[in-house]
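The values are calculated or read from the model by the stated rules, or taken from the named source; none is laboratory data. For clarity, every value in this text was computed on a predicted model and none was experimentally measured. Cβ: placed from backbone, ideal geometry, glycine included. Neighbour counts: every protein chain shown. Just so you know, the surface numbers come from the protein's heavy atoms only, side chains and all, with ligands and any DNA or RNA stripped out. Shrake-Rupley method; radii C 1.70, N 1.55, O 1.52, S 1.80 Å.
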Amino acid sequence: MQGGNFTIWSIFFLEGFSRYPRLEVVLFVFSLVMYLITLLANSTLILIIVLDSRLQTPMYLFLGNLSFMDICYTSASIPTLLVNLLSSQKTIIFFGCAVQMYLSLAMGSTECVLLTVMAYDRYVAICNPLKYSIIMNRWVCVQMAMVSWVTGCLTALLETSFALKIPLCGNLIDHFTCEILAVLKLACASSLLMDTIMLVVSILLLPIPLLLICISYIFILSTILRISSAEGRNKAFSTCGAHLTVVILYYGAALSMYLKPSSSNSQKIDKIISLLYGVLTPMLNPIIYSLRNKEVKNGMKRLLGKIPLLQTHEHP
């Protein structure tokens, strides 16, 4: 549809990795394996948390939300990527592009807030252990999780709605997904309003939450160092190690994508980072928490013990 000197596109072409046809098969296998592991690992972790009454605690409530986000985040873009890697026509309709953009922004933004909430949870658990059950009661935890979701979904709706109103002078997106920055590069002219919205949301959901997480860990570290016994220090470190690892992985990738100087803007590097950010991080999150957490391991054993085929029977 023509509109003035620009076009309202009904379909978009995704450049993806079409410039590297030999690499596409390798990327297909890599993405498919990572995606299946992501679905299996996160679904298993959610199942353990829901079915095991011993894991009905604030930390695991947030962890279950994190796993659900990872499933939604990868499912927003990876299936399209897998289809396009094997297809000569790498296309996506306007509505599909809008949904993909919104879901990836919503899940990513929600995770930023949730990781901050999880850092506060660890701060209360270590710095105020005697008041933990009072401060982090179930209703407070549910409210915190809801705030994370509402914040992420509303900011994503704001960004997506304004991005879709901007006139585009082309329909070839130099990316494997409808990533908002890649779509905005097709704009016929720069939009001060859109640039301002992107800047404000990026600051609110990246540096500020990261600063709050760092402040939480400064207090946590100072408290841990005052613990006299080595066993107590190790236990305290182990409860924070998994979350801190996930934070470093998540924010390292996110900051490199959204807050890097424009002079270093290489679309090829963006696509590689996006692929690792969108496939590898969601897969590693449940693995990191499971490997470093005895309660999750024990919950897995109890869950497997309830499956009749896996139960051991004693013979007289």
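Scanning the stretch 164-211 for residues that are of a type outside the set (A, V, I, L, M, F, W, C), touching a residue at least 60 places away in the same chain (Cβ under 8 Å) and assigned to a helix (DSSP H, G or I) yields a single hit, PRO209. Any chance the stretch 148-159 includes a residue that's modelled with pLDDT of 85 or more, open to solvent by 30 Å² or more (accessible area, probe 1.4 Å), over 17 Å from PHE62 (Cα atoms) and of a type in the set (Gly, Ala, Ser)? Taking every residue of the stretch 148-159 in turn, none turns out to be modelled with pLDDT of 85 or more, open to solvent by 30 Å² or more (accessible area, probe 1.4 Å), over 17 Å from PHE62 (Cα atoms) and of a type in the set (Gly, Ala, Ser).
Quick check on the stretch 103-116. Is at least one of its residues of a type in the set (A, V, I, L, M), open to solvent by 30 Å² or more (accessible area, probe 1.4 Å), modelled with pLDDT of 90 or more and under 22 Å from LEU280 (Cα atoms)? Yes, there is a match, as at least one residue in the stretch 103-116 is of a type in the set (A, V, I, L, M), open to solvent by 30 Å² or more (accessible area, probe 1.4 Å), modelled with pLDDT of 90 or more and under 22 Å from LEU280 (Cα atoms).
The condition of being without any contact (Cβ under 8 Å) to a residue 40 or more places away in the chain and of a type in the set (S, T, N, Q) holds for only one of SER31, SER10, SER88, SER77, that being SER88. The requirement of being of a type outside the set (A, V, I, L, M), in contact with a strand residue (DSSP E or B) (Cβ under 8 Å, 6 or more places away or on another chain) and open to solvent by less than 20 Å² (accessible area, probe 1.4 Å) is not satisfied by HIS243.
Filtered by the rule that a residue be within 25 Å of the chain's Cα centre (by Cα) and of a type in the set (D, E, K, R), the stretch 18-41 gives a lone residue, GLU24. The set of residues from the stretch 277-296 being assigned to a helix (DSSP H, G or I) and either at pLDDT below 70 or within 11 Å of THR74 (Cα to Cα) (or both) comprises TYR277, GLY278, VAL279, LEU280, THR281, PRO282, MET283, LEU291.
Looking at SER53, is it among the polar types (S, T, N, Q), over 23 Å from VAL25 (Cα atoms) and within 12 Å of the chain's Cα centre (by Cα)? No; evaluated as a whole, the condition is false for this residue. Here is a list of conditions, (1) over 14 Å from the mean Cα position of the chain (by Cα); (2) closer than 20 Å to ILE273 by Cβ, and SER104 meets all of them except one; can you say which number that is? (1) is the only condition that SER104 fails. Within 30 Å of ALA125 (Cα to Cα), β-branched (Val, Ile, Thr) and either open to solvent by 30 Å² or more (accessible area, probe 1.4 Å) or more than 22 Å from the chain's Cα centre (by Cα) (or both): is that true of THR44 in this structure? In short, yes. If the condition is being open to solvent by 70 Å² or more (accessible area, probe 1.4 Å) and within 30 Å of ALA163 (Cβ to Cβ), then the stretch 201-240 contributes ILE203, LEU204, ILE208, LEU211, LEU212.
Here the condition is being modelled with pLDDT under 90, touching a helix residue (DSSP H, G or I) at 6+ places or on another chain (Cβ under 9 Å) and in a helix (DSSP H, G or I); of ILE92, ILE71, ILE49, ILE78, it holds for ILE49 alone. For PHE176, indicate whether it is within 25 Å of the chain's Cα centre (by Cα), among the aromatic types (Phe, Trp, Tyr) and buried (at least 19 other Cβ atoms within 10 Å of the Cβ). The answer is yes for PHE176. Quick check on LEU61: is it without any contact (Cβ under 8 Å) to a residue 12 or more places away in the chain, open to solvent by 20 Å² or more (accessible area, probe 1.4 Å) and under 28 Å from TYR251 (Cα atoms)? Here the answer is no, as LEU61 does not meet what is asked.
The set of residues from the stretch 10-28 being in a helix (DSSP H, G or I) and either open to solvent by 80 Å² or more (accessible area, probe 1.4 Å) or touching a Pro at 6+ places or on another chain (Cβ under 9 Å) (or both) comprises PRO21, ARG22, VAL25, VAL26.
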